[in-house]
1. For the stretch 1-97, with only Lys/Arg (+1) and Asp/Glu (-1) charged at the beta-carbon, what is the dipole magnitude about the Cα centre, in debye rounded to 20?
2. Is any residue of the stretch 12-28 close enough, with backbone N under 20 Å, to a label point placed 7 angstrom from the Cα of Ala122 along the Cα-Cβ axis, and if so, which?
3. Can you give the extra length, in nm with one decimal, that the chain gains between Ile29 and Ser102 once fully stretched, where that is 0.36 nm per residue apart less the Cα-Cα distance?
Amino acid sequence: MLDTRELGRRPGSQREEKRTVPAPADLGIEVLRVPEGSPVDLDLRLEAVMEGVLVTGSASAELAGECARCLEPIADEIDVRFQELFVYDDQDYSSEEDDGVSMLEGDLLDLEPLLRDAVVLALPFQPLCEDDCPGLCPECGARLAEDPGHTHDAAIDPRWGKLQQLQQDTDPQQ
Ligand SMILES: [Zn+2]
Ligand SMILES: [Zn+2]
């Protein structure tokens, strides 16, 4: 929560603010997120306009997650920018697109939804430990990045082939 009282509701007045806040829970997506409680550095500019307060800023934080292919832990950093108009809550703001409007709560401004949206949008859908992570061996689950020459010779044990044949023969669905 940020206090905007100093701006005095005078359009044109502005204030810059740097602060570090602990990350809220669930900041990010399941496979990649800002660990709860880790520091988020905010660099903000608050500017009073006619309808409310315009917030422009950036946030940087650490990320932790797992590679979508090989499940190795990933440590990364994120740096996002955002801008949002927070409308004074005592104004009769009757716009058709009311839903997307952020409101001030008195003089207080809740930055968390804005931060959350910016972070989630900036995250890769499938985080990878390396751009060309080869993933896991489909046969044994070994990490292929650690053992690139890794192969399985399917013919080495003919019993598997027979077993598959047997399953197909006895499967009533086929
Ligand atoms: Zn990986
Ligand atoms: Zn393998």
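Readers should treat all values here as calculations from the given coordinates under stated rules, not as data from a laboratory. Quick caveat, the model's predicted, so the values are computed rather than measured. We place every Cβ from the backbone using ideal geometry, glycine too, and count neighbours over all the protein chains shown.
1. Computed charge dipole of the stretch 1-97: roughly 360 debye.
2. Within reach of a label on Ala122: 16-28.
3. 24.0 nm
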